[in-house]
Amino acid sequence: MTPKGNGWKRIRAVLPLLLSLVLTVGMALPALANSSQGETLEETASWDTGKKLVAITYDDGPGPYTERLLDGLKARGAKATFFMLGQNAARYPEVVERVYQEGHQVANHSYDHSDLAGLSWAGVQSQIQRTNSVLDKACGAGTDYMVRAPYGSFNNTVLQAAGAAFAFWAVDPQDWLYRNADTVKSRIINNVSDGDIILVHDIHATTITGSLAAIDYLQARGYEFVTVRELFRRRGVSLRSGNSYSRCAPNGKDAGPVEAPVISAAPEGDKLRITITAQAGANIYYTAGKTLNQKSTRYTGPFLVSAPYTLRAAAAFNMNGSRSELVEKSFTMPTVAAPRIEVSASGEESAGELCISCSTEEADIYYTLTGSTEEAGLYQGPVPLAPGTEITAWAGKSGWLESPRVQGSYSARGNFYRDMTAGQWFYEPIDRAVTAGYISGTGDSRVSPKGTLSRAQLVTMLYTWAKEPVTDQAVNCLPFSDVAAERYYAKAVAWAYEKGLAGGYSDGTFRPDNPVSRQEMSVIFSNLIDVRGVPIEDSAGAAEKYTDWEKIPAWALGAVERVTAAGLFAGDNQGCFGPGASSTRGQAATVLMQFADWMERQDRE
């Protein structure tokens with residue numbers, strides 16, 4: 001609140017007294033009638049006899065000293081109200097955020113300290129709304145901001161156009177004039193009384209020191225420092241838009257501070273059910289993020305989350321200046337270990353035996369044999385299993401979070417898979433390829449159908465299907481420096497090289513671990529068609545069915561057209577071929593089994 005010259009300083013020194021006199025004799029504008037006290041709220045709870053409450057307010061910031069002030073207020077457990085200039089709030093957004101998050105009240109002191117009484121209705125609204133929009137970035141849209149007119153200068157237009165309650169003051173130590181910490185302290189403690197609003201400025205270093213010293217003195221004598229909004233709420237007095245307030249005299253009532261909410265959690269399946277309770281009449285706001293403000297989620301009832309989970313919450317009658325301290329709680333309840341499914345089987349159309357175990361002691365294991373979680377049974381020992389059964393299992397324990405669900409598939413051919421379920425597009429061809437021995441698992445009853453296909457894996461699949469012998473001499477004569485004779489794929493590479501299905505690179509390597517693109521796999525299968533001597537007619541233009549056919553390189557286009565015409569390859573759901581995309585093990589098994597069926601039809605014809 002910057003003064004307007006020496007004349008204004010003299011006026012300002014007596015302004016609180018003048019305002020008090022005006023309000024007392026009822027000669028103010030109608031909007032100001034009885035405004036220093038407001039209207040008493042209905043009694044909805046038992047009231048304590050009054051504690052000594054006072055609201056200290058800081059104008060014109062935030063500034064370079066505000067964070068030091070916040071440190072001091074936090075150490076003392078004191079709350080304050082900050083009447084901020086919009087232009088300064090825009091310069092110190094992180095300070096505005098801290099003021100709000102630490103439970104102080106953020107309020108509006110115009111955008112650039114203009115004399116609002118000299119502005120039009122639109123001019124007043126512009127000053128207030130521009131500042132509100134800056135403050136909203138920290139407090140959230142829709143936040144209610146009290147207003148203090150710069151210089152204490154106002155008229156009926158100002159009161160009505162601002163659309164807010166106004167806070168003036170009962171104690172003004174004139175910190176802006178004296179700039180002396182001891183003077184600030186003494187003028188506060190010698191003039192304050194229960195229910196007063198104190199005016200100081202956080203843009204002066206001496207004010208920070210002096211006001212904190214005054215807080216120490218007054219706290220030692222039983223005063224509690226609260227926000228302006230809390231001063232009136234605790235005494236059951238309603239603040240109304242368009243009215244102004246300078247103090248809230250003791251009335252023998254005190255609703256007490258806003259109590260912090262209580263957060264609890266209980267396991268429910270594999271989730272946590274979060275419950276938050278607070279005192280009657282208070283709303284609860286919560287978030288799993290860093291910022292909690294007016295726009296955060298309002299609690300309406302218990303909700304489920306996954307652990308680990310950290311929650312921040314506050315109870316509030318108004319999130320800006322009338323709320324509890326923030327409560328943060330983390331939940332890391334133990335989770336039951338996922339059960340392990342084992343199936344013993346002896347071949348196609350054979351019965352198997354299902355065994356399920358869990359490493360969490362005393363956990364109960366549940367399972368279904370339909371692939372769903374309905375009609376779950378409690379596992380009590382090995383279960384006979386028919387081929388073609390889908391298995392789901394999970395485990396639970398009192399006071400623990402339920403384990404993740406695990407699945408397994410015991411195929412009609414007697415193969416057990418941990419990473420496939422019936423109905424997936426690659427399930428049937430992979431199961432056929434596994435049964436025939438064309439594709440091997442990747443360990444622990446897994447076939448990694450979505451895993452990337454390597455050059456070595458592809459030629460090994462084709463070599464196993466072809467069942468054509470390869471001599472050790474052919475392996476030893478390979479021109480590739482990176483294919484050792486003892487590797488599992490050495491004979492397959494020798495076969496593919498001898499048949500002209502796949503060659504090497506110009507540096508003399510085969511690069512067995514390189515992924516195979518879809519265009520490369522097309523070339524290899526096209527070459528295999530040639531080796532088998534099966535003609536394909538009318539393949540020209542077959543690739544044009546793909547929306548991205550123009551991206552197929554010239555060296556692969558003919559091969560793509562041939563395998564497409566043969567029905568071995570198709571596009572994705574969007575009609576794309578994806579020439580450069582890596583092939584998967586599931587795609588390779590599918591193409592191989594389609595090729596085997598195609599060859600069988602050709603042989604019959």
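The values are calculated or read from the model by the stated rules, or taken from the named source; none is laboratory data. Since this is a predicted model, take the numbers as computed values, not measurements. Every residue, glycine among them, receives a Cβ derived from its backbone with ideal geometry; neighbour counts consider all protein chains shown. Please note that ligands, DNA and RNA were not included when accessible areas were found on the heavy atoms of the full protein model with its side chains. Shrake-Rupley method; radii C 1.70, N 1.55, O 1.52, S 1.80 Å.
Would you list which lysines come within 26 Å of K491, measuring only between C-alpha atoms, while excluding same-chain residues fewer than 8 positions from it?
Correct list for K491: K450, K467, K499.
Pull out a ≥ b ≥ c, the square roots of the eigenvalues of the alpha-carbon gyration tensor of region 495-569, then state rounded if a/c is under 1.5, prolate if not and a/b is larger than b/c, and oblate in the remaining case.
oblate
To check you understand DSSP bridge types, tell me what percent of the beta bridges within the chain (both residues inside) are antiparallel, rounded to 5.
70
Mind pulling the angle between the C-alpha long axis of helix 205-219 and the longest principal axis of the chain? Nearest 10 degrees, somewhere in 0 to 90.
Taking the Cα atoms of the chain, the angle to 205-219 is about 80 degrees.
Regarding region 454-604, what is the average projected area of its C-alpha convex hull, in nm²?
If I average the Cα hull's projected area over directions, I get 9.1 nm².
³J(HN,Hα) across region 389-395 via Karplus (A = 6.51, B = -1.76, C = 1.60, θ = phi - 60°), whole Hz, x for Gly/Pro?
In residue order, the calculated couplings are 10, 9, 10, 10, 9, 7, 9 Hz.
Compute, for the chain, the length of the dipole vector about the Cα centre, with Cβ point charges of +1 (Lys, Arg) and -1 (Asp, Glu) only. Units Debye, rounded to 20.
2960
Hey, what angle do you get for helix 427-436 against the long axis of the chain, alpha-carbon based, 0 to 90 degrees rounded to 10?
It is inclined by approximately 40 degrees.
Under a 1.4 angstrom probe, counting protein chains only, how are V434, V534 ranked by accessible area, largest first?
Ranked from most to least accessible, the order is V434, V534.
For region 501-605, with only Lys/Arg (+1) and Asp/Glu (-1) charged at the beta-carbon, what is the dipole magnitude about the Cα centre, in debye rounded to 20?
It works out to roughly 220 debye.
Top to bottom by accessible area (1.4 Å), largest first, where do R148, R68, R432 land?
Highest to lowest solvent-accessible surface, that is R68, R432, R148.
Distance check, please: which entries in K137/K329; K74/K137; K185/K290 exceed 27 angstrom between their Cα atoms?
Violating the 27 Å limit, Cα to Cα: K185/K290.
Could you pull out every one of the aspartates and glutamates with an alpha carbon less than 18 Å from that of K52, ignoring same-chain neighbours closer than 8 positions?
Straight-distance partners of K52: D194, D196, D216, E224, E230, D254.
Decide, for region 374-519, between rounded, prolate and oblate: order the square roots of the alpha carbon gyration tensor eigenvalues as a ≥ b ≥ c, take rounded if a/c falls under 1.5, and otherwise choose prolate if a/b is larger than b/c, else oblate.
The shape class here is prolate.
Decide, for region 210-369, between rounded, prolate and oblate: order the square roots of the alpha carbon gyration tensor eigenvalues as a ≥ b ≥ c, take rounded if a/c falls under 1.5, and otherwise choose prolate if a/b is larger than b/c, else oblate.
Since a/c reaches 1.5 and a/b is larger than b/c, the shape of region 210-369 is classed as prolate.
How far, in degrees from 0 to 90, does helix 455-466 lean away from the longest principal axis of the Cα atoms of the chain, to the nearest 10?
40
Just one of (i) 42.3, 128; (ii) 26.9, 94; (iii) 39.1, 117 is Rg and Dmax of the Cα atoms in Å calculated from these coordinates, so which is it?
The value computed from this structure is option (iii).
Kindly provide log₁₀ I(q)/I(0) values, in the same order as q = 0.14, 0.24, 0.28 Å⁻¹, from the Debye equation applied to equal alpha-carbon scatterers of region 464-515.
-0.31, -0.94, -1.26
In whole Hz, with x marking every Gly and Pro, tabulate ³J(HN,Hα) for region 378-387 from phi via Karplus 6.51 cos²θ - 1.76 cosθ + 1.60, θ = phi - 60°.
After applying 6.51 cos²θ - 1.76 cosθ + 1.60, I find 7, 6, 10, x, x, 10, x, 9, 8, x Hz.
Normalise the Debye intensity by I(0) for region 119-177, one equal point scatterer per Cα, no solvent, then take log10 at q = 0.17, 0.19, 0.26, 0.31 Å⁻¹ and round to two decimals.
-0.64, -0.77, -1.09, -1.29
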